[in-house]
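Here is the structure we will look at, set down as structure tokens.
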Amino acid sequence: MAEQHSPIRFEDVPLEEARRMGRGPRMEPLLYDTLRQKIQSLSDQAARIRLGPEISPIRMKNYILRLAHELKVPLTVRRVPGGVIFWRSNEEDVQQAREIAQRLQSARRKPRRQLGRRRPARSRAG
């Protein structure tokens with residue numbers, strides 16, 4: 001009887017290469033390395049990135065925040081006309097972000113009256 005081969009093949013991959021592969025098409029390796037170096041080199045200066053039509057400011061902001069989280073570097077990122085600007089967060093930036101997050105969470109928690117449902121009618125005494 002002929003030996004059957006599984007269509008699934010396994011291959012050992014070094015961990016660092018696997019991590020890069022995990023980013024896949026979301027971020028080009030050159031962009032990843034450039035952003036990583038810039039984020040790590042930030043001290044008391046901000047960095048501005050001017051963007052062309054091929055990438056939106058929101059996408060770049062998400063790239064930067066994801067990479068900063070991976071590097072454990074607290075960053076503040078803002079969209080500006082034509083691109084984004086980012087800097088190493090100080091305590092004031094972190095506190096402001098916490099306050100904004102707290103306000104947004106409390107706004108979500110407020111119970112909303114369901115539309116289309118009437119309140120029960122009050123009975124009239126008398």
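Just so it is clear, none of the values below were taken in a lab; they were calculated from the coordinates. Computed from a prediction, not measured in an experiment: that's the story for all the values here. All Cβ positions, glycine included, derive from the backbone under ideal geometry; neighbour counts span all protein chains shown.
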TODO: Under 13 Å from a label point 7 Å along Cα→Cβ of residue 101: give me every residue in the range 37-77 with its amide N that close.
DONE: 69, 74-76
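Evaluate the relative contact order of the range 22-107 (contact order divided by residue number), counting alpha-carbon pairs under 8 angstrom at least 6 apart; express in whole percent.
Working: 72 pairs, mean separation 25.0, N = 86.
Value for the range 22-107: 29 percent.
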Task: Dimensions (Å) - the range 22-107, Cα atoms, principal axes, largest first - done: 38, 29, 28
- [ ] Only loop residues by DSSP count here, and only those with at most 15 other Cβ atoms within 10 Å; note down the trypsin sites (Lys or Arg not before Pro) in the range 39-106 that meet that.
- [x] 72
